[in-house]
Amino acid sequence: MMQIDCPYCGPRAQVEFAYERTLDSIVTLDMPAEEAVSRLYARANPRGLDDELWRHSFGCRQWLVLRRHRVSHAIVSITEYAP
Amino acid sequence: MKRYSALALLKAGLTGQRGWDRAWRDPEPKKSYDVIIIGGGGHGLSTAYYLAKVHGIRNIAVLEKGWIGGGNTGRNTTIVRSNYRQKPLHDLFDFALNLWEGMSDELNYNVMFSPRGALFLGHSDSDMTMLAQRGDALRCDGIDAELLSRDQVQKLIPLLDMSASARFPIHGGMTQRRGGTARHDAVAWGYARAADALGVDVIQKCEVTGFTMDGGRVTGVETNRGSIGAGRVGICVAGNSGPVAAMAGLKLPIEAQTLQAFVTEPIKPMIDTVIMSQSLHCYISQSDKGGIVLGGDPDQFPSYAQRGLPARIEKAAAEAIALVPALSRLRMVRCWSGTTDMSFDGSPIISGLPVDNLYLNGGWCYGGFKATPASGWCYAHLLATGASHALAAPFAFDRFARGATIDEAGVGFMPQLR
């Protein structure tokens, strides 16, 4: 099982965390419709590293950015999410 | 191709069952084909079969990077049914169910289709309302659905926990008696053998590494066994659609997730229908060999690991034991994972793409096996004619931009909520 090192709480079990979406698919309200559609519905979905937005749902409830490998599940970096 | 029959089996028995031909050839790739299908799973092989059989196109290759049926075709829980609420979905899946019923004869290969019934349990009043609503939608379109009372469910599956203290109380259910299970490997092998007999080249250990393009048009594929030219190229690699489409510079409304399945030690017959639930992701059936086959939740984050979380094993086992307490006495002997192609409305994509001569069949989420024959039928129509089959027209690639999604669960673009 993956362990996720929350910058606020320290290392915790993966089951405490919830995946939200990739970092490049965040949509703001003032975005042109075409860009919003492409952000919502077009994913690189790589067999490798991607930046993902996760939440420590059953912990501090903070948003986190994980750079994570999708085959090995290795986490390269975890940072606080600062929009 | 030597026909399989009881008589042929008996005759071969006199000579020690020797002298059977190999079921399909092992050809070297040709310089070019009219149609190349990437992916030798059930969907790719059935596409090739119907292209040859229905559309008369014989110069076809199916390219498989591993061995045929070694991906999701051999990793699912083998359940076949068509009881979806939305019309585009139940029309497509019921077309498949009709083909399932004749598949063993059609292919001269025993796919062990067993219409033992596919039952959804309802655990609350609202579950029963949802089931009734779905059943009504199905019956309006002539598809069988039967709402069952609590007593009827108990009679059908006496081993369910019907006690007052049950973790998941049972209020009733809905069954589709034409649904059931099939032997998943046999589906890939049967289609491969039948397609091969019609001249299709099924080429294993041939991995596509890129597309050859000419002015925004696909003209062939690069593989680990050299370049192969093609009139049309069909991607049919659900689970790995993203990386393959990326070779053509495309991004898809799909994320890959891991889904596990489990099987117990084989025992005598105890469950003679497929048990599912309106509220739980818990799938229980008994294989012909006797093992209890269990399915559960996907891992709910993107992954190609084909290796799932222990927490999901625990959850699937806990739910199954809560529903059928007798299962607690069994040992689980194997668990495995497949990579699901989670589309952003929960429905498949069978469609042309913004790149000419390139087509996509994918996004089957965790429900592709049951669609195998219809998926191949519709994809063959698309690859042969360049136009969508009427059943597949709603499943176009551009439906997301048009706002015409087909979202059975109604949760939008976040596959982990499905």
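Values quoted throughout were computed directly from the atomic coordinates according to the rules given, and no laboratory measurement underlies them. Note that this is a predicted model, so its numbers are computed, not measured. Every residue, glycine as well, gets a Cβ built from its backbone with ideal geometry; the counts of neighbours run over all protein chains shown.
Hey, for a label at B:K289 modelled as a point 7 Å past Cα toward Cβ, could you say which residues of region B:187-204 have their backbone N under 17 Å away? So the set is B:187-189. Summing Lys and Arg as +1 and Asp and Glu as -1 over all other residues whose Cβ lies under 12 Å from the Cβ of A:L64 gives a net charge of -1. For chain A, the residue among A:S25, A:I75, A:A13 whose Cα projects farthest onto the positive side of the dipole built from Cβ charges is A:A13. Here the simple spin-label model places points 7 Å from the Cα toward Cβ, and for A:C9 and B:S124 these points are separated by 2.6 nm.
Take the Cβ atoms of B:K87 and B:T385, set R0 to 30 Å, and the FRET efficiency comes out at 0.80. Ordered by the number of other Cβ atoms lying within 10 Å of each residue's own Cβ, fewest first, B:H184, B:H389 fall into the sequence B:H389, B:H184. Taking 0.36 nm per residue of separation and subtracting the current Cα-Cα distance, fully stretching the chain between B:D356 and B:V411 would add 16.6 nm. Loop-resident chymotrypsin sites (Phe, Trp or Tyr not before Pro) (DSSP state other than H, G, I, E or B) in region B:40-74 with no more than 16 further Cβ atoms inside 10 Å of their Cβ: B:W67. Averaging 1/r over each pair of different alpha-carbon atoms in region A:3-80 and inverting the result gives 13.4 Å, the Kirkwood hydrodynamic radius. Going from the fewest other Cβ atoms within 10 Å to the most, the residues B:C378, B:C236, B:C365 appear in the order B:C365, B:C378, B:C236.
Seen from B:G39, the other residues with C-beta closer than 9 Å to its C-beta sum to a net charge of 0, counting Lys and Arg as +1 and Asp and Glu as -1. Only Cα pairs under 8 Å and 6+ residues apart enter the sum, and on that basis the relative contact order of chain B stands at 22 percent. Taking 13 Å as the cut-off, the amide N atoms of region B:250-280 that come nearer than this to a point 7 Å along the Cα-to-beta-carbon line of B:R334 belong to B:261-266.
Each Lys and Arg Cβ is given +1 and each Asp and Glu Cβ -1; about its Cα centre, the protein assembly as shown then shows a dipole of about 1400 debye. When the pairs B:K30/B:K65; B:K205/B:K251; B:K31/B:K205 are compared against a 19 Å limit on Cα-Cα distance, B:K205/B:K251 fall above it. Each Lys and Arg Cβ is given +1 and each Asp and Glu Cβ -1; about its Cα centre, region A:3-80 then shows a dipole of about 320 debye. Taking Cα atoms only, the orientation of helix B:42-55 departs from the longest principal axis of chain B by about 60 degrees. Modelled label positions at B:C140 and B:N98, each set 7 Å beyond Cα in the direction of Cβ, lie 2.0 nm from each other.
Extension gain for A:L23 to A:Q62 (0.36 nm times residue separation, less C-alpha to C-alpha distance): 12.5 nm.
Across the options B:M270, B:P298, B:A316, the greatest Cα extent toward the positive end of the charge dipole of region B:249-318 (unit charges at beta carbon of Lys, Arg, Asp, Glu) belongs to B:P298. In a simple Cβ point-charge model (Lys, Arg +1; Asp, Glu -1; nothing else charged), chain B has a dipole of about 980 debye relative to its Cα centre.
Label positions at A:A36 and B:M1, each projected 7 Å from the Cα along the C-beta direction, are separated by 5.2 nm.
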